[in-house]
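Here's the structure we're looking at; comments come further down.
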Amino acid sequence: MYKEIEIADGEITLGGHLSSDRFVKGWVIFAHGSGSSRKSPRNNWVARELNQHGLGTFLFDLLTPEEDFTYRNRFNIPLLARRLLIATQWLVKSDYYHHEPLAYYGASTGAAAALMAAAKADKKWPLFTVISRGGRPDLAENLNLSQLTIPVLLIVGSLDHEVIKLNEKAQEQLRNVQLTLVPGATHLFEEPGALQEVVDLSRQWLERQIGGTQSESLQN
């Protein structure tokens, strides 16, 4: 199933698309980084790979083209997080959703938005993890990071030295976190095999965390 959708936030409209099989074991909601959109080739490639392993994906624009033209909006993490929460609420109320676990997947500044949104998310939502790919989790503010109890995976290229330092800074504030470096990769994971390594790490993490949530449900 592939579905183009629109989400309203006041007077503006954000575009997005859903992709899934009829039955999914979980939904991955993407938060794009600065200057990118739901048409991001990297995020779409990751999403297609996750679709092949039984996960539904939801990609949408955190900013309108007009908003994105103003550079500072790309670093307005509270605005991006609020838009992510609006989109999550739209999904859980839609006919496409049937109480499956939810994950956030953020890149660049989108990672900070995903972490901030996770800290502020409705406790009734079954949000079970956040993944950051080459992200700026440090921009999510320490208070939001320290409030998070769900597992967080930080993926960074081993040659992306400055971003490694920023992820290590965020790692100190997070309670349940794993920082993984992709060998020989730079910020955009453009090196041969690097993005596939990211996909494999992400898929394995999601499947492991979903398995953990299902085990907890059976025990409760």
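Distance between the pseudo-spin-label points of residue 9 and residue 188 (7 Å out from Cα toward the beta carbon): 2.5 nm.
Here the stretch 2-215 is treated with +1 on each Lys and Arg Cβ and -1 on each Asp and Glu Cβ, and its dipole about the Cα centre works out to around 460 debye.
Which whole-number percent gives the relative contact order of the chain, counting Cα pairs below 8 Å spaced six or more residues apart?
On the way: 430 pairs, mean separation 34.6, N = 220.
Relative contact order for the chain comes out at 16 percent.
Of all aspartates and glutamates in the structure, those lying under 13 Å Cα to Cα from residue 3, and not within fewer than 8 positions of it along the same chain, are 21, 95. Put a dot 7 Å past the Cα of residue 44, heading toward its Cβ, do the same for residue 69, and the two dots end up 2.3 nm apart.
Lysines within cross-link reach of residue 165: Cα-Cα under 30 Å, excluding same-chain residues under 8 positions apart? By straight Cα distance, residue 165 reaches 39, 120.
Distance between the 7 Å Cα→Cβ label points at residue 165 and residue 94: 4.0 nm. Across the alpha-carbon atoms of the chain, the computed radius of gyration and Dmax are 16.0, 49 angstrom.
Along the charge dipole of the chain, Cβ charges K/R +1 and D/E -1, which of 185, 52, 101 sits furthest on the positive end? The Cα lying farthest towards the positive end belongs to 101.
No value in this document is a laboratory result; all are computed from the given coordinates. Computed from a prediction, not measured in an experiment: that's the story for all the values here. No Cβ is skipped: glycine too gets one built from the backbone with ideal geometry, and neighbour counts run over all protein chains shown.
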